[in-house]
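Working notes, structure below.
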Amino acid sequence: MISLRPPEPPPPPSSAPLILIAEDEPQIARILAGYLQRDGYHTAHAANGRAALEQHLMLKPDLILLDVQMPLQDGWSVLTQVRRRGETPVIMLTARDQDADKLAALRVGADDYIVKPFNPAEVVARVAAVLRRSQGRQYDGAAGVLRCGPLEIDQEHYTVSVRSGGGAPTALNLTLTEFRLLVHLARTPRRVCSRLELLEACMPESQSLERTVDSHISKLRKKLEEAGVPNMPVSLRGVGYRLEGEG
């Protein structure tokens, strides 16, 4: 008799990354584990914050998917303690979708922030992206402070300040998307970035169209002008944006 069940995927290699899923909803944890394993990751599960911290010490996972609302210890407390221990990448899972909440998570030390309900395939893609960034950080120093003209961009703490003359620096109040756009442009300030590149790099969770980038860039430019930094970013009609001009 022929079985119509699809074959089970082969087990991931021993060198595959280990993802710790800290989630108190069993069904969500099972779905995430299934998608991650299908893409070649090892997984472990912690049903509460205390167990997540214990498994973090014992298993040394390559990344943690961390729910905010968990029993015994919530995700904020877990994230704080994980950051005291080291630089394990952490993606927060939460039902709160306000920009202020996202920035708070990133400032505490999260590497990314995913709002429920989510597409599990997108979670897997975001896991891969954070792992790539974290591995690159170890070698190329991508994390830290970017300086571009009068701008000082602290990627670790998600802050931007403008230095002009000998006075005290002026802090910019940017949204998360504006901050991501500024960082992406500042890494190669003379290179022109297309709208599609900026959309994919800075708004990976969004279903927005490319013209949405124009709106965010316009708001970013206005805030920079108000802080005494005119003509940044520079627009190249029909092509995209770069942070600095050719002068």
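The values are calculated or read from the model by the stated rules, or taken from the named source; none is laboratory data. Bear in mind the structure is a predicted one, so any value in this text is a computation, not a measurement. All Cβ positions, glycine included, derive from the backbone under ideal geometry; neighbour counts span all protein chains shown. Only protein heavy atoms, including side chains, enter the accessible area calculation; ligands, DNA and RNA are left aside. Shrake-Rupley method; radii C 1.70, N 1.55, O 1.52, S 1.80 Å.
Looking at (1) over 20 Å from LYS219 (Cα atoms); (2) buried (at least 18 other Cβ atoms within 10 Å of the Cβ), can you tell me which one LEU176 breaks?
(1)
Would you check which residues across region 78-119 are in a helix (DSSP H, G or I), modelled with pLDDT of 80 or more and within 24 Å of GLN27 (Cβ to Cβ) and list them?
If the condition is that a residue be in a helix (DSSP H, G or I), modelled with pLDDT of 80 or more and within 24 Å of GLN27 (Cβ to Cβ), then VAL78, LEU79 are the ones that fit.
Quick check on this structure: which one of ARG221, ARG211, ARG237, ARG191 is open to solvent by 50 Å² or more (accessible area, probe 1.4 Å) and touching a Pro at 6+ places or on another chain (Cβ under 7 Å)? Explain how you work it out, then say what you get.
Details: ARG211 fails: touching a Pro at 6+ places or on another chain (Cβ under 7 Å); ARG237 fails: touching a Pro at 6+ places or on another chain (Cβ under 7 Å); ARG191 fails: touching a Pro at 6+ places or on another chain (Cβ under 7 Å).
After ruling out the rest, the residue left standing is ARG221.
Quick one: how many residues across region 84-112 are free of Cβ contacts under 8 Å to residues at least 60 places away in the same chain, over 16 Å from ILE21 (Cβ atoms) and open to solvent by less than 50 Å² (accessible area, probe 1.4 Å)? Don't jump to the end; show me each part of the working.
Start the filter on region 84-112 by keeping residues that are free of Cβ contacts under 8 Å to residues at least 60 places away in the same chain, which leaves 84-92, 94-98, 100-101, 104-105, 107-112.
Next, from what is left, pick out any that are over 16 Å from ILE21 (Cβ atoms): 84-87, 95-98, 100-101, 104-105, 107-109.
Applying the additional criterion that residues be open to solvent by less than 50 Å² (accessible area, probe 1.4 Å) yields 86, 101, 104-105, 109.
Count: 5.
Name every residue in region 50-83 that is among the acidic types (Asp, Glu) and open to solvent by 10 Å² or more (accessible area, probe 1.4 Å), in order of residue number.
Going residue by residue through region 50-83, those that are among the acidic types (Asp, Glu) are 54, 62, 67, 74.
Those that are among the acidic types (Asp, Glu) and open to solvent by 10 Å² or more (accessible area, probe 1.4 Å): GLU54, ASP62, ASP74.
Looking for whichever is surrounded by fewer than 16 Cβ atoms within 10 Å (Cβ to Cβ) and either under 21 Å from ARG237 (Cβ atoms) or out of contact with any Gly (no Cβ under 6 Å at 6 or more places or on another chain) (or both) here; the options are THR170, THR159. Which one fits?
Details: THR159 fails: surrounded by fewer than 16 Cβ atoms within 10 Å (Cβ to Cβ).
It is THR170.
Using beta carbons and a limit of 7 Å, which pairs, at least six apart or on different chains, have the first residue in region 180-192 and on the phi < 0 side of the Ramachandran plot and the second one open to solvent by 30 Å² or more (accessible area, probe 1.4 Å) and among the hydrophobic types (A, V, I, L, M, F, W, C)?
Pairs that qualify, where the first residue is on the phi < 0 side of the Ramachandran plot and the partner is open to solvent by 30 Å² or more (accessible area, probe 1.4 Å) and among the hydrophobic types (A, V, I, L, M, F, W, C), are VAL183/LEU146; HIS184/ALA201; ALA186/LEU146; ARG187/LEU146; VAL192/LEU236; VAL192/VAL239.
Taking region 220-234, which residues are farther than 18 Å from THR177 by Cα and not in a helix (DSSP H, G or I)?
Within region 220-234, ALA227, GLY228, VAL229, PRO230, ASN231 qualify.
Of the residues that sit in region 27-49 and are of a type in the set (S, T, N, Q) and surrounded by 15 or more Cβ atoms within 10 Å (Cβ to Cβ), which one is nearest to PRO89 (Cα to Cα)? Outline the logic, then answer.
In the first step, residues of region 27-49 are kept if they are of a type in the set (S, T, N, Q); the result is 27, 37, 43, 48.
Applying the additional criterion that residues be surrounded by 15 or more Cβ atoms within 10 Å (Cβ to Cβ) yields 37, 43, 48.
Numbers: GLN37: 18, THR43: 15, ASN48: 18 Å.
This residue is THR43.
Which of the residues belonging to region 192-216 are outside any helix (DSSP H, G or I) and either at pLDDT 80 or above or farther than 24 Å from ARG237 by Cβ (or both)? Break it down stepwise before answering.
Step one: filter region 192-216 for residues outside any helix (DSSP H, G or I), giving 192-194, 203-210.
VAL192, CYS193, SER194, PRO204, GLU205, GLN207, listed by residue number.
Could you please find all residues in region 218-247 being touching a Gly at 6+ places or on another chain (Cβ under 9 Å) and of a type in the set (Asp, Glu)? Working first, answer last.
The first filter runs over region 218-247 and keeps only residues touching a Gly at 6+ places or on another chain (Cβ under 9 Å), leaving 229, 231-232, 234, 243-244.
Listed by number, the list holds a single entry, GLU244.
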